[in-house]
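Participant: Handing you this structure, nothing more for now.
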Amino acid sequence: MRIELTVNGERHEADDVWEGESLLYALRERLGLPGSKNACEQGECGSCTVYMDGVPVCSCLVAAGQAQGRDVTTVEGLAGDDGLDPVQQAFVECGAVQCGFCTPGFLVSTHDLLARNPRPSDPEIREALAGNLCRCTGYEKILDAVRTAAHS
Amino acid sequence: MDFLAPSTWAEALAAKAERPDALPVAGGTDVMVEMNFDHRRPGALLDLTRVAPLGEWAFDDGRVRLGAGVTYARVIAELGSTLPGLAMASRTVGSPQIRNRGTVGGNLGAASPAGDSHPALLAADAVVEVESAARGVRHVPVADFYTGVKRNALEQDELISAVLIAPPSGPQQFCKIGTRNAMVIAVSAFGFALHPDRRAVGTGIGSAAPTPRRATDAAAFLAGELEAAGLWESRAALPEGLAAEFGRKVRDAAAPIDDVRGTAAYRLHTLSVMARRAATWAWDEHRRAA
Ligand SMILES: Cc1cc2nc3c(=O)[nH]c(=O)nc-3n(C[C@H](O)[C@H](O)[C@H](O)COP(=O)(O)OP(=O)(O)OC[C@H]3O[C@@H](n4cnc5c(N)ncnc54)[C@H](O)[C@@H]3O)c2cc1C
Ligand code: FES
Ligand code: FES
């Protein structure tokens, strides 16, 4: 089937989409947007997190056809013309990125948290990032990055 | 495989009647895991996310009519004080991303014994509204909805339209045992409701029997003891040992198994502790509300 959707502000079309495939697969393999990562395909790790109609979701659990006509923002859409988003900048500066596999998901989840709650407490940060797993950093630098982004 | 995307409820019911092999998909948090892992290859996916009324809730004849497609995130944000038990259960589901997509209707569709909404719906005496194009609407008391392990009372041509839940006349509680705070399938769970208007007690056991189920005898026991001691009127403190005895009776209503998440013995123990605590917390709240 064919799907049409808006990704990072641009209209995209994909043909020959398999009816059972996920939005994550369509983004990575059909639309050339490999920023969202595929690590578990079962909603556990959050590395595939994207905004759909403004709400963070695991793109591995959205059927591609469900994204028809929707508005998706991936990690590729966070940076503006004037450079990295403050959340991305803070992750770089705080050393919150090691292998980087979890990073796209953490960036989208953090971006959403700070949009809703510009000065989150530590428990609020932990709660908001509970759906994102990182096997490298031990999370401390990620928490530093979120606090830094909140103050930038 | 086909992808069916009805935009009205009538179209959705017609599609389900025409295509018994179509698998409904709402938030996809159960369905897409099965698809991604090749555990399921239905003839078609029937996307319900474009059927607007499924995503709405409203007061209807004194009850909340919660559309099957309302997400956990919205139950928490919009119904936290109106449906406290279900909202407490919803807060424990998965992660923010899962709560943004997962729905109560999907939890009922999956009918897992570990689904977190079930103990809360059982304790609150919820009613599941289902519909087919051929036979119209049918109301199924939630306790009759769970028919076996991951099986429910839906006929092949039926869809869940809504859940009907009366706002409580007394406090509600939800307890869940897991290995961490987020992203856990319950080892065991317990839902509790005090119904002072009817002088009744509601219960729901999760993850400790082939289906979610009530602790009917335990509920009748506690309601009867409260009645006999005149506590519904006086709102005095619970007699020593009553909550613990209630906990033991809840435990006796369960039929758990050993599995990777926990042993049957541990599940029984946790149920008696959760039930004792839930009853105590709810009664204390009831007293404070006087
Ligand atoms: C990482 C992760 C964590 C999770 N954590 C929890 C948890 O803590 N607690 C918990 O209870 N669950 C949990 N789940 C399971 C899942 O999120 C819930 O069961 C959720 O309620 C499913 O809702 P959904 O809308 O996503 O359902 P879907 O996946 O879309 O559908 C689930 C089932 O219901 C059927 N269905 C959906 N809507 C209808 C309808 N209107 N009429 C008829 N049938 C319908 C579908 O055909 C399917 O069989 C988790 C899942 C994941 C991936
Ligand atoms: S790949 Fe989607 S949550 Fe892990
Ligand atoms: S940086 Fe490697 S998983 Fe997080």
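Readers should treat all values here as calculations from the given coordinates under stated rules, not as data from a laboratory. Source: prediction; values computed, not measured. Please note: Cβ atoms are built from the backbone with ideal geometry, for glycine as well, and neighbour counts cover all protein chains shown.
Participant: Can you work out the PRE-style zone for B:Glu225? Point 7 Å along Cα to Cβ, and I want the residues of region B:251-274 with backbone N under 15 Å.
Facilitator: Only B:251-253, B:272-274 pass the distance filter.
Participant: Does chain A classify as rounded, prolate or oblate by the C-alpha gyration tensor (a ≥ b ≥ c root eigenvalues; a/c under 1.5 gives rounded; else a/b over b/c gives prolate, otherwise oblate)?
Facilitator: prolate
Participant: To the nearest 20 Debye, how big is the dipole of the protein assembly as shown about its Cα centre, given +1 on the beta carbon of each Lys and Arg and -1 on that of each Asp and Glu?
Facilitator: 1380 debye
Participant: What is the spin-label model distance, in nm, from A:Gln42 to B:Val149 if the labels are put 7 Å beyond Cα along the C-beta direction?
Facilitator: Between A:Gln42 and B:Val149, the simple spin-label model gives 1.7 nm.
Participant: Sticking with this structure for a sec: Looking only at other chains, what is the average number of their beta-carbon atoms within 10 angstrom of each beta-carbon in B:29-38?
Facilitator: Per residue, the average neighbour count from other chains is 6.
Participant: Sticking with this structure for a sec: Quick check on the protein assembly as shown: of the DSSP beta bridges with both residues there, what percent are antiparallel, nearest 5%?
Facilitator: Bridges in the protein assembly as shown are about 85 percent antiparallel.
Participant: Another question, if that's okay. Where does chain A land at 222 nm, in deg cm²/dmol rounded to the nearest 500, when only DSSP H runs of n ≥ 4 count, each adding -39500 (n - 2.57), divided by all residues?
Facilitator: -7500 deg cm²/dmol
Participant: Determine, for B:Val184, A:Val87, the number of other Cβ atoms within 10 Å of each Cβ, and report the residues in order from fewest to most.
Facilitator: In order of increasing Cβ crowding within 10 Å: B:Val184, A:Val87.
Participant: Given +1 on the Cβ of Lys and Arg, -1 on the Cβ of Asp and Glu, and no further charges, what dipole in debye does chain B carry about its Cα centre, rounded to the nearest 20?
Facilitator: In total the dipole reaches around 740 debye.
Participant: Moving on. With each pseudo-label sitting 7 Å past Cα toward Cβ, what's the A:Ser152-B:Ala134 distance in nm, one decimal?
Facilitator: The modelled label-to-label distance comes out at 6.1 nm.
Participant: List the relative contact order of chain A as a percent without decimals, with contacts defined as Cα pairs under 8 Å and 6+ residues apart.
Facilitator: Relative contact order for chain A comes out at 24 percent.
Participant: Moving on to the next point. Using only DSSP helix segments of four residues or longer, with each worth -39500 (n - 2.57), what per-residue ellipticity at 222 nm results for chain B after dividing by its residue count and rounding to 500?
Facilitator: It comes out at -11000 deg cm²/dmol, rounded to the nearest 500.
Participant: Please give the per residue volume of the convex hull enclosing the alpha carbon atoms of region A:86-150, rounded to a whole number of Å³.
Facilitator: 68 Å³
Participant: Something else: Using the Cα centre of chain B as origin and beta-carbon charges of +1 (Lys, Arg) and -1 (Asp, Glu), tell me which of B:Gly206, B:Val25, B:Val273 is placed farthest towards the positive end of the dipole.
Facilitator: Of the listed residues, the answer is B:Val273.
Participant: Additional query: Remind me, relative contact order of region A:3-76 in percent, using alpha carbon pairs under 8 angstrom and six or more residues apart?
Facilitator: Result for region A:3-76 is 40 percent.
Participant: Among B:112-121, B:231-240, B:266-275, how do they line up by average Cβ neighbours within 10 Å per residue, starting with the highest?
Facilitator: In decreasing order of mean packing, B:112-121, B:231-240, B:266-275 become B:112-121, B:266-275, B:231-240.
Participant: Across all directions of projection, what mean area in square nanometres is found for the Cα convex hull of region B:1-47?
Facilitator: The orientation-averaged projected area of the Cα hull of region B:1-47 comes to 3.1 nm².
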